[in-house]
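Chemist: Dropping a structure here in structure tokens format, bear with me for questions.
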Amino acid sequence: MLFVMWNLRKASERGHFDHGWLDTWHSFSFGEYYDPDQMGFRVLRVINEDRVAAATGFPTHPHRDMEILTYVLSGSLEHKDSLGNGSVIRPGDIQRMTAGTGITHSEANPAQEPVHLLQIWILPREKRLTPGYEQKHLPVRETPGQWRALANATGSGGAIRLEQDIQLSGLLLPSGKKISTPAHPGRFGWIQVARGKADADGTVLHAGDGLAFDLEKAHTVTAQEDCELLFFDLP
């Protein structure tokens, strides 16, 4: 029998840096922010909430041996990489880079308004994979009250494919509505509140909060106001 884990990561307790052009919050240790008690959860290694000012961005930089997901909440983000890919990521899109043996990319805000996004890093199933890229339009806001598959190991449900045994789902939950997580004994869950306010089995979650738990049983989430959630089903 697995121990029951129910651990709230409050938004206000995350690592925070305001660089002027970039206002960033780190749920787990990242860059200049280090907390030995916050090194990730299972294979979920990074959740960064970024706001990038207009006409600024991240210059070309390298990554390796990581699955990197970008999820835009508002605004737009222009992506270019060493594989020759170029795209603009907008709300409703999700992008995956398999860094593998090595990839470089840049990210810029091409608009005259800030872009608000989540960047998520997942440890891959193995190191030194062939670098790869995928982007899809999977707007959770068009199907309120329903979990929508965003990323998984097989690409099932129209999701992008990840090199790891996880199921990432997104949800827009209208105020007063309820939904349940799946029960998957032996696995673990993480809910990230992208915006709004919800209650998970009596634990109140605000925008930016994350909640870790086991999936020995289903858990009920109730929207206290319109909210957008990401749910990770993790090994």
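Chemist: Condition check: of a type in the set (D, E, K, R), on the phi > 0 side of the Ramachandran plot and surrounded by 15 or more Cβ atoms within 10 Å (Cβ to Cβ). Does ASP50 satisfy that?
Modeler: So ASP50 does not fit the description; no.
Chemist: Do we find that SER29 is free of Cβ contacts under 8 Å to residues at least 40 places away in the same chain and out of contact with any Cys (no Cβ under 8 Å at 6 or more places or on another chain) in this structure?
Modeler: When the stated conditions are applied, SER29 passes them.
Chemist: Which of the residues that make up segment 91-114 are closer than 14 Å to VAL52 by Cβ, touching a Ser or Thr at 6+ places or on another chain (Cβ under 6 Å) and aliphatic (A, V, I, L, M)?
Modeler: ALA111 - this is the single residue of segment 91-114 that is closer than 14 Å to VAL52 by Cβ, touching a Ser or Thr at 6+ places or on another chain (Cβ under 6 Å) and aliphatic (A, V, I, L, M).
Chemist: Right, next: Go through (1) farther than 28 Å from ASP201 by Cα; (2) at pLDDT below 95 for PRO182 and report which single condition fails.
Modeler: Unmet for PRO182, out of (1) farther than 28 Å from ASP201 by Cα; (2) at pLDDT below 95: (1).
Chemist: Mind checking which strands (runs of 3 or more DSSP E) fall wholly inside segment 181-235 and carry at least 2 residues that are closer than 25 Å to PRO139 by Cβ and of a type in the set (Phe, Trp, Tyr)?
Modeler: The qualifying strands (runs of 3 or more DSSP E) are 220-234.
Chemist: A further question on this structure: Just give me the residues in segment 95-113 being surrounded by fewer than 18 Cβ atoms within 10 Å (Cβ to Cβ) and part of a loop (DSSP other than H, G, I, E, B), in sequence order. Even if it seems obvious, please write down each step before you answer.
Modeler: So in segment 95-113, the residues surrounded by fewer than 18 Cβ atoms within 10 Å (Cβ to Cβ) come out as 101-102, 104, 106, 110-113.
Result: THR101, GLY102, PRO110, ALA111, GLN112, GLU113.
Chemist: State all residues of segment 122-147 that are over 15 Å from ALA159 (Cα atoms) and buried (at least 21 other Cβ atoms within 10 Å of the Cβ); if no residue qualifies, say none.
Modeler: ILE122
Chemist: On to the next question. Do any residues in segment 132-150 that are touching a residue at least 40 places away in the same chain (Cβ under 8 Å) have Cβ atoms under 7 Å from those of residues that are among the hydrophobic types (A, V, I, L, M, F, W, C) and surrounded by fewer than 16 Cβ atoms within 10 Å (Cβ to Cβ), where the two are at least six apart or on different chains, and which pairs are they?
Modeler: TYR133/LEU83
Chemist: Output the residue which, of all residues in segment 1-55 that are part of a strand (DSSP E or B) and charged (D, E, K, R), is nearest to THR203 (Cα to Cα).
Modeler: Here the residue is ARG9.
The values are calculated or read from the model by the stated rules, or taken from the named source; none is laboratory data. Source: prediction; values computed, not measured. Don't worry about glycine lacking a Cβ; one is built from the backbone with ideal geometry, like all the others, and counts go over all protein chains shown.
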